Amino acid sequence: MQAQESRPCRIGLVEDHESVAIGLAAMLAPETDLELVITAGTVAELLSAQPELDLVVLDLRLADGSLPEDNVSVLRASGVEVLVFTAADNPFMVRAAARAGVLGVVRKSEDARTVVTAVRRAAHGEQVVTTDWAAAIDGDPQLSEVALSPRQQEVLQLYASGEKASRVARLTGLSEQTVNDYLGRIRQKYADALRPAPTKTDLYKRAVEDGWLPPPERHPRA
């Protein structure tokens, strides 16, 4: 046990932006108990090197288009815990990673001391409790919580993403009247939370705010 405690915690980073990788390496370099041993652009690339790691620091948006929940699941199945290191601009992706069992979420915009502390705690298997972590689990703390049943969530996701009520009914096995009843209850819940959603567009906005749907992709200008 003493030998295990005396060695630095071994950290892997999955990040495809060189500047971010250089920044994290610089933050961890002075820390004698933390060692960044490998940086990779994808989870597959990292695991192919078969490193012995105590923690993987994972960016959510990777150029290979991989899903956060898939990356977290693969890493945890390989026996390593995960800390999300992100701009936190996509609540859907953050929530997906949280559901897959990450130890916490830390913003890239945090100061170096906060980032290093988060990495150290996660490397020792501790939860990293931050505002973004709470938001990922409980929804945005600045928004009044709206509790939806799993069935209501399913109806909201389908309808708000563009499906007609008749199509939602076919996809869920419900009657169209039942779907409309669900939508009425969902709208009432949002109204009660002072977050009215009278239109389909409003329902889409609420679904994105609460992480039930991903926000629209931002396409760079040509």
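The figures follow:
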{"quantity": "Candidates 206, 113, 187: whichever shows maximal mean-square fluctuation once the chain is modelled as a Gaussian network with Cα springs under 10 Å", "calculated": "113"}
{"quantity": "More than 13 angstrom apart: percent of Cα pairs within the stretch 150-209", "calculated": "55 percent"}
{"quantity": "Viscosity 1.306 mPa s, temperature 10 °C, Stokes-Einstein D of the chain from Kirkwood C-alpha radius, µm²/s", "calculated": "83 µm²/s"}
{"quantity": "Sequence-separation-based contact order of the chain, relative, with Cα cut under 8 Å and 6+ spacing, percent", "calculated": "15 percent"}
{"quantity": "In Hz, Karplus ³J(HN,Hα) per residue of the stretch 38-46 (6.51, -1.76, 1.60; θ = phi - 60°; x = Gly, Pro)", "calculated": "7, 10, 9, x, 9, 5, 4, 5, 5"}
{"quantity": "For the chain: lysine pairs under 21 Å (alpha-carbon distance), excluding those fewer than 8 apart on one chain", "calculated": "5"}
{"quantity": "Structure-based [θ]222 nm, the chain - -39500 (n - 2.57) summed over DSSP H runs of at least 4, per residue, nearest 500", "calculated": "-14000 deg cm²/dmol"}
{"quantity": "Given charges at beta-carbon only (K, R positive; D, E negative), |dipole| of the chain in Debye", "calculated": "940 debye"}
{"quantity": "In Hz, Karplus ³J(HN,Hα) per residue of the stretch 205-212 (6.51, -1.76, 1.60; θ = phi - 60°; x = Gly, Pro)", "calculated": "4, 5, 5, 5, 4, 8, x, 7"}
{"quantity": "Packing-based ranking, highest mean first, of 64-77, 171-184 given that Cβ atoms within 10 Å are counted", "calculated": "64-77, 171-184"}
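Throughout, read-outs are computed from the coordinates displayed, never taken from laboratory work. No experiment lies behind these values; they were computed from the predicted model shown. Virtual Cβ from ideal backbone geometry, glycine too; neighbours counted across all protein chains shown.
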